[in-house]
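The values are calculated or read from the model by the stated rules, or taken from the named source; none is laboratory data. Keep in mind that what you see is a predicted model, and the values were worked out from it rather than measured. For neighbour counting, all protein chains shown are included, and Cβ atoms are generated from backbone atoms with ideal geometry for every residue, glycine included. The protein model used for the area step is the full one, side chains on, heavy atoms only, and it has no ligands, DNA or RNA in it. Shrake-Rupley method; radii C 1.70, N 1.55, O 1.52, S 1.80 Å.
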Amino acid sequence: MKGGKVYREGRFEEATVVVRDGRVEAISREASAEGGEVVDCTGRYLLPGLVDVHVHLREPGFEKKETIASGTLAAARGGYTTVFSMPNLNPAPDSREHLDRQYEAIRRTARIRVVPYGTITRGQLGRGELVDFEALAPYVAAFSDDGRGVQAREQMAEAMWRVKPTGRKIVAHCEDESLLNGGYIHDGVYCREHGHRGISSESEWRQVERDLGLVEEIGCPYHICHISTRESVELLRAAKAKGLPVSGETAPHYLLLTDEDLREEGRFKMNPPLRGREDQLALINGLLDGTLEVIATDHAPHTDEEKGRGLEKSAMGIVGIETAFPLLYTYLVRRGVLSLEKLVELMSVNPRRLFGLEPALEEGAPADLVVMDLDAEYEIDPAEFRSKGRATPFAGWRVCGRTMLTLVGGEEAYRNEQ
């Protein structure tokens, strides 16, 4: 791959990348591959493959919403070479037998690397019996009940004590169900003006506060899913200042939208909900100062029927894996909020480091990389998605940045023929 600007050690430089036998053989201005295929990357950028630590692939159990085949093709189109699959499946990955069903589908149909989470509780209920963490640990990225918070403090403490010796993390969806009160959008301006029932910020940050206190006591590695409130950012910042083994992610929609952007459509409904302007600013500041180390999509496809019932009655969740990078590049990088290098760090480098993946786009590393045309301008059109899901609040937005080629282990996972 010749003529492109290559991400190396935190900066971009023009170089040739040689890929042989699934790995990066060389990166330099002088590198060449006699007799190999030459890809002209002039004017384009070569990035280490993006990593999404929060993706709902829906298989097994909910294939009408998404399959591993459709979800991983969508991910490859978005520039991702590894995704972590969330556990709200049927059967839930709470045993080796159930996990093997997911692995079989991954082996048969995945276009990129897929790493499953195991659940924290049997059936992913957020209560009841804990899983056999020791038995599952070698086969999962971490443990999560995403979609439900673990409700009892004593149960989360027991889970942390049992997960800690495995070397895995707890990846927590923080939501105190006793504080929801039937809400389905943020308890803010739009909610009050339009007669909806609100979800308080406290329903998120109270569990964050509880769990960070447990981490201080127990020392179990802990990662917070889809942070949406300023209080959660402040709590995480304080915990990191103490040196606790904690990290957190947010998602593009919380960075680019607030509850003031809501419309009476299901494509604006997700959990946690879009929050207020102060929350949005706190999230951006958290990215800039290193409190938040990861941007994940929380890609959550549903059928058109499930998302076509308006704000109150539609299912929670939007798709995002095909639009995350161009949206963030266009509305944060091009506007001077983040550097391109920082965006790559948040979407590739940091998730690899935090979850123990091999680096990419380094000599000797797996050839998991993406070629981006950052000058390509277009309108987001859900009809073009490879995902089965179509619900996005960003339909019609103008963006720059198009994936031209995605390689996983040196094999082509996606190529744009335009």
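Considering each of 260, 312, 293, 305 in turn, give the residue that is of a type outside the set (S, T, N, Q), open to solvent by 10 Å² or more (accessible area, probe 1.4 Å), touching a helix residue (DSSP H, G or I) at 6+ places or on another chain (Cβ under 7 Å) and farther than 18 Å from residue 344 by Cβ.
Testing whether each residue is of a type outside the set (S, T, N, Q), open to solvent by 10 Å² or more (accessible area, probe 1.4 Å), touching a helix residue (DSSP H, G or I) at 6+ places or on another chain (Cβ under 7 Å) and farther than 18 Å from residue 344 by Cβ leaves just 260.
If you go through the range 61-72 and pick out every residue that is buried (at least 22 other Cβ atoms within 10 Å of the Cβ) and part of a helix (DSSP H, G or I), you end up with 4.
For residue 338, the stated conditions do not hold, so it cannot be described as of a type outside the set (Val, Ile, Thr), at pLDDT 95 or above, in a helix (DSSP H, G or I) and open to solvent by less than 40 Å² (accessible area, probe 1.4 Å).
Taking (1) crowded, with 23+ Cβ neighbours inside 10 Å; (2) within 18 Å of residue 298 (Cβ to Cβ) in turn, residue 24 satisfies each apart from (2). Considering the conditions (1) open to solvent by 30 Å² or more (accessible area, probe 1.4 Å); (2) not in a helix (DSSP H, G or I), residue 247 is excluded by exactly one of them, (1). Quick check, is residue 384 touching a residue at least 60 places away in the same chain (Cβ under 8 Å), open to solvent by 20 Å² or more (accessible area, probe 1.4 Å) and more than 22 Å from residue 310 (Cβ to Cβ)? Considered against the rule, which asks whether it is touching a residue at least 60 places away in the same chain (Cβ under 8 Å), open to solvent by 20 Å² or more (accessible area, probe 1.4 Å) and more than 22 Å from residue 310 (Cβ to Cβ), residue 384 comes out as no.
When 364, 389 are checked against the criterion of being open to solvent by 20 Å² or more (accessible area, probe 1.4 Å), part of a loop (DSSP other than H, G, I, E, B) and over 19 Å from residue 45 (Cβ atoms), 364 stands alone in meeting it. Within the option set 303, 403, 392, 330, being among the β-branched types (Val, Ile, Thr), in contact (Cβ under 8 Å) with a residue 12 or more places away in the chain and within 14 Å of residue 78 (Cα to Cα) holds for one residue only, 403. The residues of the range 126-160 that are closer than 15 Å to residue 178 by Cα, at pLDDT 95 or above and out of contact with any Ser or Thr (no Cβ under 9 Å at 6 or more places or on another chain), listed by number, are 152, 153. Among the residues of the range 103-112, those that are touching a helix residue (DSSP H, G or I) at 6+ places or on another chain (Cβ under 9 Å) and either without any contact (Cβ under 8 Å) to a residue 40 or more places away in the chain or of a type outside the set (A, V, I, L, M, F, W, C) (or both) comprise 103, 106, 108, 109, 111. Residue 19 meets the conditions (1) open to solvent by 40 Å² or more (accessible area, probe 1.4 Å); (2) in contact with a Lys or Arg (Cβ under 9 Å, 6 or more places away or on another chain); (3) among the β-branched types (Val, Ile, Thr) in every case but one. The failed one is (2).
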